[in-house]
Amino acid sequence: MSETATEVRNETAPRFPMDRNPRCPFAPPEGTKTLRESNPVSRVEIWDGSKPWLVTGHAEQKTLLADPRISVDESLPGFPHWNEGMAANVSMRPKSVFNSDGAQHSHFRRMMTKAFTFKRVNALRPFVQQTTDELIDAILAGPKPADLVSALALPLPSIVISQMLGVPYESHGFFQENSVKSVDRYATPDENMQAFAAMFMFMHELVEKKMKEPDDDVLSDFAARARDGEIDVAEAAQMGLGMLIAGHETSANMIALGTLALLEHPDQLAILREADDESVVGDAVEEMMRYLGIIHNGQRRIALEDIEISGQTIRAGEGVIMELGASNWDPAAFPEPEKLDLQRSARHHTGFGFGPHQCIGQQLARVELQIVYTSIFERMPNIAVARPIDEIEFKSDRLAYGVYALPVTW
Ligand code: HEM
(Lines give C-alpha, C1' and ligand atoms only; values in the text may rest on other atoms or scores of the structure.)
Protein backbone atom coordinates (compact mmCIF):
# COMPACT_ATOMS: atom_id res chain seq x y z
CA MET A 1 0.00 0.00 0.00
CA SER A 2 1.56 3.31 -0.94
CA GLU A 3 0.49 6.66 0.52
CA THR A 4 1.42 10.20 -0.40
CA ALA A 5 2.45 12.66 2.34
CA THR A 6 -0.85 14.57 1.93
CA GLU A 7 -2.92 11.39 2.31
CA VAL A 8 -1.03 10.56 5.50
CA ARG A 9 -1.57 14.08 6.90
CA ASN A 10 -5.30 13.90 6.25
CA GLU A 11 -5.82 10.33 7.43
CA THR A 12 -7.28 10.12 10.94
CA ALA A 13 -5.25 8.05 13.35
CA PRO A 14 -5.65 7.34 17.06
CA ARG A 15 -3.62 9.53 19.43
CA PHE A 16 -0.57 8.05 21.09
CA PRO A 17 0.28 7.65 23.97
CA MET A 18 -3.08 6.22 24.95
CA ASP A 19 -4.79 6.20 28.33
CA ARG A 20 -5.04 3.09 30.43
CA ASN A 21 -8.31 1.92 31.88
CA PRO A 22 -8.16 3.01 35.55
CA ARG A 23 -10.09 -0.13 36.50
CA CYS A 24 -7.33 -2.34 35.01
CA PRO A 25 -4.18 -0.55 36.15
CA PHE A 26 -1.84 -3.38 35.16
CA ALA A 27 -3.16 -3.74 31.59
CA PRO A 28 -1.73 -1.82 28.62
CA PRO A 29 -4.15 0.75 27.15
CA GLU A 30 -7.20 -0.87 25.59
CA GLY A 31 -6.55 1.13 22.40
CA THR A 32 -3.26 -0.67 21.77
CA LYS A 33 -5.11 -4.00 21.86
CA THR A 34 -7.66 -2.70 19.35
CA LEU A 35 -4.85 -1.61 17.02
CA ARG A 36 -3.01 -4.91 17.38
CA GLU A 37 -6.17 -6.77 16.47
CA SER A 38 -6.85 -4.63 13.40
CA ASN A 39 -3.24 -4.37 12.24
CA PRO A 40 -0.15 -4.77 14.44
CA VAL A 41 1.58 -2.09 12.34
CA SER A 42 -0.72 0.97 12.21
CA ARG A 43 -0.47 4.73 12.09
CA VAL A 44 -1.00 6.85 15.21
CA GLU A 45 -0.86 10.60 15.75
CA ILE A 46 1.63 12.03 18.25
CA TRP A 47 2.04 15.39 20.03
CA ASP A 48 3.39 17.28 16.96
CA GLY A 49 0.60 16.10 14.65
CA SER A 50 2.89 13.68 12.80
CA LYS A 51 1.71 10.13 12.11
CA PRO A 52 4.39 7.56 12.77
CA TRP A 53 3.76 3.80 12.79
CA LEU A 54 2.86 2.09 16.04
CA VAL A 55 3.97 -1.52 16.26
CA THR A 56 1.89 -3.53 18.72
CA GLY A 57 2.43 -7.17 17.64
CA HIS A 58 5.09 -9.27 19.33
CA ALA A 59 6.46 -10.90 16.17
CA GLU A 60 6.40 -7.62 14.19
CA GLN A 61 8.22 -5.81 16.97
CA LYS A 62 10.97 -8.38 17.19
CA THR A 63 11.42 -8.34 13.43
CA LEU A 64 11.69 -4.55 13.29
CA LEU A 65 13.82 -4.12 16.43
CA ALA A 66 16.39 -6.47 14.90
CA ASP A 67 16.27 -4.84 11.43
CA PRO A 68 19.36 -2.68 10.62
CA ARG A 69 17.12 -0.46 8.44
CA ILE A 70 15.48 0.73 11.67
CA SER A 71 17.50 3.46 13.38
CA VAL A 72 17.60 5.25 16.77
CA ASP A 73 19.19 8.36 15.22
CA GLU A 74 17.01 11.00 16.86
CA SER A 75 18.64 13.82 14.84
CA LEU A 76 17.04 12.64 11.57
CA PRO A 77 14.01 14.64 10.35
CA GLY A 78 10.85 12.63 10.94
CA PHE A 79 12.09 11.02 14.15
CA PRO A 80 9.04 10.56 16.43
CA HIS A 81 10.23 12.30 19.62
CA TRP A 82 8.45 11.75 22.95
CA ASN A 83 7.59 15.39 23.37
CA GLU A 84 8.50 18.92 22.36
CA GLY A 85 11.32 19.08 24.91
CA MET A 86 13.05 15.99 23.58
CA ALA A 87 12.74 17.36 20.01
CA ALA A 88 13.93 20.86 20.91
CA ASN A 89 16.98 19.67 22.86
CA VAL A 90 18.13 16.99 20.47
CA SER A 91 21.33 18.83 19.50
CA MET A 92 22.33 19.07 23.18
CA ARG A 93 22.48 15.30 23.63
CA PRO A 94 25.88 13.92 22.68
CA LYS A 95 26.04 10.64 20.78
CA SER A 96 25.70 7.67 23.10
CA VAL A 97 24.46 4.11 23.19
CA PHE A 98 20.87 5.40 23.16
CA ASN A 99 20.99 7.40 19.91
CA SER A 100 23.62 5.73 17.73
CA ASP A 101 23.47 2.81 15.30
CA GLY A 102 25.79 0.20 13.85
CA ALA A 103 29.53 0.41 14.52
CA GLN A 104 29.24 3.60 16.56
CA HIS A 105 26.62 2.00 18.79
CA SER A 106 28.73 -1.16 19.27
CA HIS A 107 31.69 1.05 20.22
CA PHE A 108 29.72 2.75 23.03
CA ARG A 109 27.93 -0.42 24.06
CA ARG A 110 31.12 -2.44 24.51
CA MET A 111 32.37 0.13 27.02
CA MET A 112 29.21 -0.23 29.09
CA THR A 113 28.59 -3.98 28.93
CA LYS A 114 31.92 -4.67 30.66
CA ALA A 115 30.32 -3.68 33.96
CA PHE A 116 27.26 -5.89 33.43
CA THR A 117 28.64 -9.34 32.63
CA PHE A 118 26.75 -12.18 34.29
CA LYS A 119 29.77 -12.79 36.58
CA ARG A 120 30.16 -9.19 37.70
CA VAL A 121 26.47 -8.73 38.33
CA ASN A 122 26.23 -12.01 40.27
CA ALA A 123 29.10 -10.82 42.43
CA LEU A 124 26.86 -7.90 43.44
CA ARG A 125 24.21 -10.22 44.94
CA PRO A 126 25.49 -9.98 48.55
CA PHE A 127 25.56 -6.17 48.33
CA VAL A 128 22.02 -6.04 46.86
CA GLN A 129 20.78 -8.45 49.55
CA GLN A 130 22.44 -6.52 52.37
CA THR A 131 21.08 -3.18 51.11
CA THR A 132 17.59 -4.69 50.78
CA ASP A 133 17.79 -6.10 54.32
CA GLU A 134 18.89 -2.78 55.77
CA LEU A 135 16.08 -0.90 54.04
CA ILE A 136 13.52 -3.47 55.23
CA ASP A 137 14.97 -3.30 58.79
CA ALA A 138 14.38 0.45 58.73
CA ILE A 139 10.77 -0.04 57.54
CA LEU A 140 10.10 -2.59 60.29
CA ALA A 141 11.55 -0.26 62.92
CA GLY A 142 9.48 2.70 61.75
CA PRO A 143 5.84 3.76 61.99
CA LYS A 144 2.97 2.11 60.10
CA PRO A 145 2.01 2.58 57.35
CA ALA A 146 5.30 2.99 55.47
CA ASP A 147 5.62 4.12 51.86
CA LEU A 148 7.27 1.22 50.04
CA VAL A 149 8.31 3.50 47.15
CA SER A 150 10.38 5.99 49.15
CA ALA A 151 11.53 3.46 51.76
CA LEU A 152 12.63 0.61 49.48
CA ALA A 153 11.69 0.63 45.80
CA LEU A 154 13.51 3.86 44.91
CA PRO A 155 16.52 3.79 47.27
CA LEU A 156 17.54 0.19 46.50
CA PRO A 157 18.30 0.58 42.76
CA SER A 158 19.58 4.14 43.37
CA ILE A 159 22.12 2.93 45.94
CA VAL A 160 23.20 0.01 43.73
CA ILE A 161 23.69 2.03 40.53
CA SER A 162 25.36 4.92 42.40
CA GLN A 163 27.80 2.45 43.95
CA MET A 164 28.57 0.79 40.59
CA LEU A 165 29.09 4.08 38.83
CA GLY A 166 30.92 5.81 41.66
CA VAL A 167 28.37 8.63 42.00
CA PRO A 168 27.98 9.81 45.62
CA TYR A 169 24.62 8.51 46.87
CA GLU A 170 24.13 11.84 48.69
CA SER A 171 23.29 13.29 45.25
CA HIS A 172 20.36 10.91 44.79
CA GLY A 173 17.70 13.53 45.62
CA PHE A 174 19.11 15.86 42.97
CA PHE A 175 19.22 13.09 40.35
CA GLN A 176 15.81 11.68 41.14
CA GLU A 177 14.15 15.06 40.88
CA ASN A 178 15.92 16.07 37.67
CA SER A 179 15.75 12.72 35.92
CA VAL A 180 11.97 12.76 36.33
CA LYS A 181 11.80 16.28 34.81
CA SER A 182 14.25 15.52 32.00
CA VAL A 183 12.07 12.74 30.61
CA ASP A 184 8.60 13.75 31.81
CA ARG A 185 6.08 13.20 29.03
CA TYR A 186 4.38 16.55 29.76
CA ALA A 187 7.35 18.74 30.80
CA THR A 188 7.98 21.93 28.79
CA PRO A 189 11.12 22.11 26.60
CA ASP A 190 12.63 24.51 29.15
CA GLU A 191 12.00 22.17 32.05
CA ASN A 192 13.42 19.23 30.09
CA MET A 193 16.48 21.25 29.15
CA GLN A 194 17.23 22.70 32.58
CA ALA A 195 16.94 19.30 34.24
CA PHE A 196 19.11 17.64 31.63
CA ALA A 197 21.72 20.44 31.74
CA ALA A 198 21.97 20.34 35.56
CA MET A 199 22.56 16.60 35.62
CA PHE A 200 24.91 16.69 32.65
CA MET A 201 27.09 19.39 34.23
CA PHE A 202 27.26 17.47 37.49
CA MET A 203 28.33 14.30 35.65
CA HIS A 204 30.80 16.20 33.47
CA GLU A 205 32.54 17.55 36.58
CA LEU A 206 32.57 14.12 38.19
CA VAL A 207 34.19 12.57 35.09
CA GLU A 208 36.85 15.31 35.12
CA LYS A 209 37.49 14.58 38.80
CA LYS A 210 37.82 10.85 38.14
CA MET A 211 40.23 11.54 35.28
CA LYS A 212 42.59 12.97 37.93
CA GLU A 213 41.66 10.75 40.88
CA PRO A 214 40.33 7.42 39.58
CA ASP A 215 38.45 4.95 41.82
CA ASP A 216 37.40 1.36 41.23
CA ASP A 217 34.08 2.16 39.54
CA VAL A 218 32.43 2.37 36.12
CA LEU A 219 32.67 6.16 35.82
CA SER A 220 36.43 5.97 36.44
CA ASP A 221 36.61 3.48 33.59
CA PHE A 222 34.78 5.92 31.27
CA ALA A 223 37.05 8.73 32.58
CA ALA A 224 40.17 6.68 31.74
CA ARG A 225 38.88 6.25 28.18
CA ALA A 226 38.29 10.00 27.96
CA ARG A 227 41.80 10.67 29.27
CA ASP A 228 43.21 8.28 26.63
CA GLY A 229 41.25 10.06 23.87
CA GLU A 230 39.04 7.05 23.03
CA ILE A 231 35.94 9.15 23.77
CA ASP A 232 35.52 12.77 24.83
CA VAL A 233 34.51 13.94 28.30
CA ALA A 234 30.98 14.84 27.15
CA GLU A 235 30.45 11.31 25.80
CA ALA A 236 31.76 9.78 29.06
CA ALA A 237 29.42 12.02 31.06
CA GLN A 238 26.49 11.14 28.81
CA MET A 239 27.08 7.40 29.22
CA GLY A 240 27.27 7.76 33.00
CA LEU A 241 24.11 9.85 33.06
CA GLY A 242 22.27 7.39 30.82
CA MET A 243 23.16 4.53 33.13
CA LEU A 244 22.13 6.44 36.22
CA ILE A 245 18.73 7.39 34.80
CA ALA A 246 18.07 4.02 33.14
CA GLY A 247 19.27 2.16 36.21
CA HIS A 248 17.06 3.42 39.00
CA GLU A 249 13.69 4.68 37.82
CA THR A 250 12.93 1.47 35.89
CA SER A 251 13.80 -1.05 38.60
CA ALA A 252 12.11 1.16 41.23
CA ASN A 253 8.81 1.03 39.34
CA MET A 254 9.06 -2.71 38.83
CA ILE A 255 9.60 -3.21 42.58
CA ALA A 256 6.64 -1.12 43.76
CA LEU A 257 4.16 -1.96 40.98
CA GLY A 258 5.21 -5.62 41.14
CA THR A 259 4.62 -5.79 44.88
CA LEU A 260 1.17 -4.31 44.38
CA ALA A 261 0.39 -6.76 41.55
CA LEU A 262 1.48 -9.71 43.70
CA LEU A 263 -0.64 -8.55 46.64
CA GLU A 264 -3.60 -8.28 44.24
CA HIS A 265 -2.98 -11.89 43.06
CA PRO A 266 -2.65 -13.95 46.27
CA ASP A 267 -2.67 -17.29 44.40
CA GLN A 268 0.40 -16.18 42.42
CA LEU A 269 2.07 -14.68 45.47
CA ALA A 270 1.74 -18.11 47.15
CA ILE A 271 3.87 -19.60 44.35
CA LEU A 272 6.61 -17.07 45.04
CA ARG A 273 6.40 -17.52 48.82
CA GLU A 274 6.65 -21.30 48.52
CA ALA A 275 9.47 -21.23 45.96
CA ASP A 276 12.38 -23.33 47.14
CA ASP A 277 14.22 -23.20 43.86
CA GLU A 278 15.95 -20.21 42.30
CA SER A 279 14.49 -21.05 38.89
CA VAL A 280 10.93 -20.55 40.22
CA VAL A 281 11.86 -17.04 41.37
CA GLY A 282 13.69 -16.43 38.08
CA ASP A 283 10.60 -17.43 36.05
CA ALA A 284 8.36 -15.33 38.30
CA VAL A 285 10.45 -12.22 37.61
CA GLU A 286 10.26 -12.82 33.83
CA GLU A 287 6.47 -13.05 34.04
CA MET A 288 6.33 -9.86 36.11
CA MET A 289 8.43 -8.16 33.42
CA ARG A 290 5.96 -9.32 30.78
CA TYR A 291 2.83 -8.51 32.74
CA LEU A 292 3.76 -5.00 33.92
CA GLY A 293 4.42 -2.75 30.95
CA ILE A 294 6.41 -0.19 32.92
CA ILE A 295 8.20 1.14 29.81
CA HIS A 296 5.04 2.54 28.27
CA ASN A 297 6.04 5.52 26.14
CA GLY A 298 7.00 3.44 23.12
CA GLN A 299 10.57 2.89 21.93
CA ARG A 300 11.22 5.48 19.24
CA ARG A 301 12.80 4.65 15.89
CA ILE A 302 13.01 5.89 12.29
CA ALA A 303 13.13 3.86 9.06
CA LEU A 304 16.28 4.36 6.95
CA GLU A 305 14.86 2.47 3.95
CA ASP A 306 11.43 1.29 2.80
CA ILE A 307 10.34 -1.77 4.78
CA GLU A 308 7.44 -4.11 3.97
CA ILE A 309 5.77 -5.61 7.01
CA SER A 310 2.32 -6.90 7.89
CA GLY A 311 0.88 -5.69 4.56
CA GLN A 312 2.17 -2.13 5.15
CA THR A 313 5.05 -0.18 3.66
CA ILE A 314 7.02 1.82 6.15
CA ARG A 315 8.73 4.47 4.01
CA ALA A 316 12.31 5.65 4.53
CA GLY A 317 12.20 8.68 6.87
CA GLU A 318 9.01 7.63 8.66
CA GLY A 319 8.85 7.30 12.42
CA VAL A 320 8.22 3.95 14.07
CA ILE A 321 7.18 3.41 17.70
CA MET A 322 7.38 0.05 19.44
CA GLU A 323 4.75 -0.36 22.16
CA LEU A 324 6.37 -2.99 24.37
CA GLY A 325 3.41 -3.45 26.72
CA ALA A 326 1.10 -4.30 23.82
CA SER A 327 3.50 -6.89 22.43
CA ASN A 328 3.81 -8.50 25.86
CA TRP A 329 0.03 -8.90 25.94
CA ASP A 330 -0.12 -10.35 22.41
CA PRO A 331 -2.03 -13.66 22.69
CA ALA A 332 -0.09 -15.02 19.72
CA ALA A 333 3.03 -14.98 21.92
CA PHE A 334 1.49 -15.38 25.40
CA PRO A 335 -1.82 -17.28 25.63
CA GLU A 336 -4.32 -15.58 27.98
CA PRO A 337 -2.00 -12.60 28.35
CA GLU A 338 -4.26 -10.86 30.88
CA LYS A 339 -3.53 -13.65 33.39
CA LEU A 340 -0.59 -13.15 35.71
CA ASP A 341 0.87 -16.65 35.68
CA LEU A 342 4.23 -16.90 37.43
CA GLN A 343 4.71 -20.43 36.15
CA ARG A 344 4.35 -19.67 32.46
CA SER A 345 7.39 -19.48 30.28
CA ALA A 346 7.68 -15.75 29.59
CA ARG A 347 11.38 -15.41 28.81
CA HIS A 348 10.66 -14.21 25.27
CA HIS A 349 9.03 -11.00 26.59
CA THR A 350 10.22 -7.64 25.32
CA GLY A 351 10.21 -5.88 28.70
CA PHE A 352 13.94 -5.28 28.25
CA GLY A 353 13.57 -4.51 24.54
CA PHE A 354 15.03 -6.68 21.79
CA GLY A 355 17.82 -6.54 19.21
CA PRO A 356 20.97 -4.42 19.36
CA HIS A 357 19.55 -1.93 21.89
CA GLN A 358 18.27 -4.55 24.32
CA CYS A 359 18.75 -3.45 27.93
CA ILE A 360 22.34 -3.46 29.11
CA GLY A 361 21.33 -3.56 32.77
CA GLN A 362 18.88 -6.46 32.50
CA GLN A 363 20.99 -8.90 34.57
CA LEU A 364 21.29 -6.32 37.31
CA ALA A 365 17.56 -5.59 37.19
CA ARG A 366 16.81 -9.33 37.42
CA VAL A 367 19.09 -9.73 40.44
CA GLU A 368 17.46 -6.74 42.17
CA LEU A 369 13.93 -7.98 41.47
CA GLN A 370 14.64 -11.59 42.45
CA ILE A 371 16.15 -10.47 45.76
CA VAL A 372 13.66 -7.77 46.61
CA TYR A 373 10.44 -9.65 45.79
CA THR A 374 11.64 -12.66 47.82
CA SER A 375 12.84 -10.55 50.75
CA ILE A 376 9.73 -8.38 51.06
CA PHE A 377 7.41 -11.35 51.50
CA GLU A 378 9.82 -13.29 53.72
CA ARG A 379 10.57 -10.43 56.08
CA MET A 380 7.07 -8.91 56.02
CA PRO A 381 4.82 -11.99 55.85
CA ASN A 382 1.69 -9.98 56.70
CA ILE A 383 2.37 -7.09 54.33
CA ALA A 384 -0.79 -5.47 53.01
CA VAL A 385 -1.60 -2.30 51.10
CA ALA A 386 -2.93 0.27 53.55
CA ARG A 387 -5.43 1.78 51.06
CA PRO A 388 -7.96 0.40 48.58
CA ILE A 389 -6.37 0.02 45.14
CA ASP A 390 -8.63 2.72 43.65
CA GLU A 391 -6.98 5.27 45.97
CA ILE A 392 -3.48 4.44 44.69
CA GLU A 393 -2.13 6.98 42.18
CA PHE A 394 -0.53 5.52 39.06
CA LYS A 395 2.25 7.28 37.11
CA SER A 396 0.54 7.59 33.75
CA ASP A 397 2.42 10.83 32.99
CA ARG A 398 5.92 9.47 33.47
CA LEU A 399 8.44 7.80 31.23
CA ALA A 400 8.16 4.68 33.35
CA TYR A 401 4.78 3.52 34.65
CA GLY A 402 4.36 2.66 38.30
CA VAL A 403 2.89 4.06 41.50
CA TYR A 404 3.80 7.35 43.15
CA ALA A 405 3.51 5.86 46.61
CA LEU A 406 2.54 2.49 48.07
CA PRO A 407 1.48 2.74 51.72
CA VAL A 408 1.86 -0.65 53.38
CA THR A 409 1.33 -2.19 56.79
CA TRP A 410 2.76 -5.52 57.98
C1 HEM B 1 13.44 -3.42 35.42
C2 HEM B 1 14.34 -2.56 35.06
C3 HEM B 1 14.64 -2.17 33.64
C4 HEM B 1 13.81 -2.15 32.55
C5 HEM B 1 12.34 -2.50 32.48
C6 HEM B 1 14.60 -1.69 31.43
C7 HEM B 1 14.13 -1.57 30.12
C8 HEM B 1 14.90 -1.26 29.04
C9 HEM B 1 14.45 -1.28 27.67
C10 HEM B 1 13.04 -1.63 27.23
C11 HEM B 1 15.49 -0.93 26.87
C12 HEM B 1 15.50 -0.89 25.35
C13 HEM B 1 15.42 0.50 24.82
C14 HEM B 1 15.21 0.55 23.31
O15 HEM B 1 15.30 -0.44 22.62
O16 HEM B 1 14.94 1.65 22.83
C17 HEM B 1 16.61 -0.65 27.74
C18 HEM B 1 17.84 -0.22 27.32
C19 HEM B 1 18.84 0.14 28.19
N20 HEM B 1 18.88 -0.08 29.55
FE21 HEM B 1 17.42 -0.84 30.70
N22 HEM B 1 15.87 -1.43 31.85
C23 HEM B 1 15.94 -1.72 33.19
C24 HEM B 1 17.04 -1.61 34.01
C25 HEM B 1 18.24 -1.09 33.62
C26 HEM B 1 19.38 -0.95 34.49
C27 HEM B 1 19.44 -1.39 35.96
C28 HEM B 1 20.35 -0.39 33.76
C29 HEM B 1 21.70 -0.09 34.29
C30 HEM B 1 22.46 0.79 34.05
C31 HEM B 1 19.84 -0.17 32.40
C32 HEM B 1 20.51 0.39 31.34
C33 HEM B 1 20.08 0.40 30.03
C34 HEM B 1 20.85 0.95 28.93
C35 HEM B 1 22.22 1.59 29.02
C36 HEM B 1 20.08 0.77 27.76
C37 HEM B 1 20.42 1.19 26.34
C38 HEM B 1 21.01 0.05 25.56
C39 HEM B 1 21.30 0.39 24.12
O40 HEM B 1 20.70 1.33 23.57
O41 HEM B 1 22.12 -0.31 23.52
N42 HEM B 1 18.54 -0.61 32.37
N43 HEM B 1 16.23 -0.90 29.06
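The values are calculated or read from the model by the stated rules, or taken from the named source; none is laboratory data. Treat the numbers as computed from the prediction; the structure is a model and nothing was measured. Cβ sites come from the backbone with ideal geometry, for glycine too, and all protein chains shown count toward neighbours. Please note that ligands, DNA and RNA were not included when accessible areas were found on the heavy atoms of the full protein model with its side chains. Shrake-Rupley method; radii C 1.70, N 1.55, O 1.52, S 1.80 Å.
Could you list, ordered by first residue, the pairs with Cβ atoms under 6 Å in which the first is in region 71-82 and farther than 12 Å from VAL320 by Cα and among the hydroxyl-bearing types (Ser, Thr, Tyr) and the second is at pLDDT below 95 and surrounded by fewer than 19 Cβ atoms within 10 Å (Cβ to Cβ), at least 6 apart or interchain?
SER75/VAL90
Out of all the residues in region 324-333, which are away from the ligand (no atom under 11 Å from the Cβ) and of a type in the set (A, V, I, L, M, F, W, C)?
Hits for region 324-333 are ALA326, TRP329, ALA332, ALA333.
Are any residues in region 239-254 more than 10 Å from MET199 (Cβ to Cβ) and not small (Gly, Ala, Ser), and if so, which ones?
Result: MET239, MET243, HIS248, GLU249, THR250, ASN253, MET254.
I'm trying to understand the selection: among the residues of region 334-358, which are over 17 Å from GLY258 (Cα atoms), buried (at least 18 other Cβ atoms within 10 Å of the Cβ) and more than 16 Å from the ligand (Cβ to nearest atom)?
PHE334
Determine whether LYS144 is at pLDDT below 95 and open to solvent by 50 Å² or more (accessible area, probe 1.4 Å). Talk me through it step by step, then tell me what you get.
Values: at pLDDT below 95: no; open to solvent by 50 Å² or more (accessible area, probe 1.4 Å): yes.
Considered against the rule, which asks whether it is at pLDDT below 95 and open to solvent by 50 Å² or more (accessible area, probe 1.4 Å), LYS144 comes out as no.
Considering region 372-401 alone, what residues qualify as being under 18 Å from THR132 (Cβ atoms) and either in contact with a Gly (Cβ under 8 Å, 6 or more places away or on another chain) or surrounded by 15 or more Cβ atoms within 10 Å (Cβ to Cβ) (or both)?
Here is the first cut: in region 372-401, the residues under 18 Å from THR132 (Cβ atoms) are 372-381, 383.
Of everything in region 372-401, those that are under 18 Å from THR132 (Cβ atoms) and either in contact with a Gly (Cβ under 8 Å, 6 or more places away or on another chain) or surrounded by 15 or more Cβ atoms within 10 Å (Cβ to Cβ) (or both) turn out to be VAL372, TYR373, THR374, SER375, ILE376, PHE377, ARG379, MET380, ILE383.
Pick from GLY317, GLY351, GLY325: which is in a loop (DSSP other than H, G, I, E, B) and under 19 Å from ILE46 (Cα atoms)?
Details: GLY351 fails: under 19 Å from ILE46 (Cα atoms); GLY325 fails: in a loop (DSSP other than H, G, I, E, B).
On inspection, the qualifying residue turns out to be GLY317.
When you scan region 297-324, how many residues do you find that are in contact with a helix residue (DSSP H, G or I) (Cβ under 7 Å, 6 or more places away or on another chain), open to solvent by less than 20 Å² (accessible area, probe 1.4 Å) and under 24 Å from LEU364 (Cβ atoms)?
The number of residues fulfilling the criteria is 1.
Going by the structure shown, is GLU205 acidic (Asp, Glu), loosely packed, with under 15 Cβ neighbours inside 10 Å and either in contact with a His (Cβ under 9 Å, 6 or more places away or on another chain) or within 22 Å of ALA365 (Cα to Cα) (or both)? So that I can check it myself, show each step before the final result.
Numbers: acidic (Asp, Glu): yes; loosely packed, with under 15 Cβ neighbours inside 10 Å: yes; either in contact with a His (Cβ under 9 Å, 6 or more places away or on another chain) or within 22 Å of ALA365 (Cα to Cα) (or both): no.
So GLU205 does not fit the description; no.
I'd like to verify a number: residues in region 379-409 that are part of a helix (DSSP H, G or I) and in contact (Cβ under 8 Å) with a residue 40 or more places away in the chain, how many? Give the steps one after another, and end with the answer.
Of region 379-409, the ones part of a helix (DSSP H, G or I) are 379, 389-391.
With in contact (Cβ under 8 Å) with a residue 40 or more places away in the chain added as a condition, the list becomes 379, 389-390.
Residues meeting the conditions: 3.
Count, please, the residues in region 171-195 that happen to be assigned to a helix (DSSP H, G or I) and either open to solvent by 30 Å² or more (accessible area, probe 1.4 Å) or β-branched (Val, Ile, Thr) (or both).
Of region 171-195, the ones assigned to a helix (DSSP H, G or I) are 171-183, 189-195.
Narrowing further to those that are either open to solvent by 30 Å² or more (accessible area, probe 1.4 Å) or β-branched (Val, Ile, Thr) (or both): 172-174, 176-177, 180-181, 183, 189-191, 193-194.
Looking only at that region, the number is 13.
Restricting to region 217-256, name every residue that is surrounded by fewer than 24 Cβ atoms within 10 Å (Cβ to Cβ), more than 15 Å from the ligand (Cβ to nearest atom) and part of a helix (DSSP H, G or I).
Residues satisfying the conditions are SER220, ALA224, ARG225, ALA226, ARG227, VAL233, ALA234.
Only residues that are modelled with pLDDT under 95 and β-branched (Val, Ile, Thr): list them for region 362-410, please.
ILE389
For region 56-134, which helices (runs of 4 or more DSSP H) that fit wholly inside it have 1 or more residues that are within 26 Å of ILE309 (Cα to Cα)?
Working: elements: 58-65, 84-88, 102-113, 118-122.
Helices (runs of 4 or more DSSP H) meeting the threshold: 58-65, 102-113.
Which residues, counting only those in region 383-403, are more than 16 Å from the ligand (Cβ to nearest atom) and touching a strand residue (DSSP E or B) at 6+ places or on another chain (Cβ under 8 Å)?
So in region 383-403, the residues more than 16 Å from the ligand (Cβ to nearest atom) come out as 383-394, 396-397.
ILE383, ALA384, VAL385, ALA386, ARG387, ILE392, GLU393, PHE394 - these are the residues of region 383-403 that are more than 16 Å from the ligand (Cβ to nearest atom) and touching a strand residue (DSSP E or B) at 6+ places or on another chain (Cβ under 8 Å).
Among the numbered criteria (1) closer than 24 Å to ILE294 by Cβ; (2) surrounded by 14 or more Cβ atoms within 10 Å (Cβ to Cβ); (3) modelled with pLDDT of 95 or more, which one does ASN83 miss?
(3)
Looking at this structure, is THR113 over 28 Å from PRO17 (Cα atoms), hydroxyl-bearing (Ser, Thr, Tyr) and either surrounded by fewer than 21 Cβ atoms within 10 Å (Cβ to Cβ) or touching a Cys at 6+ places or on another chain (Cβ under 8 Å) (or both)? It would help to see each step written out before you state the result.
Details: over 28 Å from PRO17 (Cα atoms): yes; hydroxyl-bearing (Ser, Thr, Tyr): yes; either surrounded by fewer than 21 Cβ atoms within 10 Å (Cβ to Cβ) or touching a Cys at 6+ places or on another chain (Cβ under 8 Å) (or both): yes.
It is true that THR113 is over 28 Å from PRO17 (Cα atoms), hydroxyl-bearing (Ser, Thr, Tyr) and either surrounded by fewer than 21 Cβ atoms within 10 Å (Cβ to Cβ) or touching a Cys at 6+ places or on another chain (Cβ under 8 Å) (or both).
So, in region 95-105, of the ones that are more than 9 Å from the ligand (Cβ to nearest atom) and on the phi < 0 side of the Ramachandran plot, which residue ends up surrounded by the most Cβ atoms within 10 Å (Cβ to Cβ)? Can you show your working first?
Of all residues in region 95-105, those more than 9 Å from the ligand (Cβ to nearest atom) come to 95, 101-104.
Those left that are additionally on the phi < 0 side of the Ramachandran plot: 95, 101, 103-104.
On the way: LYS95: 18, ASP101: 16, ALA103: 7, GLN104: 14.
Per the criteria, the residue is LYS95.
List the number of the failed condition for GLN363; all other conditions in (1) open to solvent by less than 40 Å² (accessible area, probe 1.4 Å); (2) within 16 Å of the ligand (Cβ to nearest atom) hold.
Only one criterion in (1) open to solvent by less than 40 Å² (accessible area, probe 1.4 Å); (2) within 16 Å of the ligand (Cβ to nearest atom) is unmet by GLN363, namely (1).
So the check is Cβ under 9 Å with 6+ separation or different chains; which pairs have a first residue in region 148-175 that's free of Cβ contacts under 8 Å to residues at least 12 places away in the same chain and a second one that's part of a helix (DSSP H, G or I) and more than 15 Å from the ligand (Cβ to nearest atom)?
Correct list of pairs: PRO168/LEU206.
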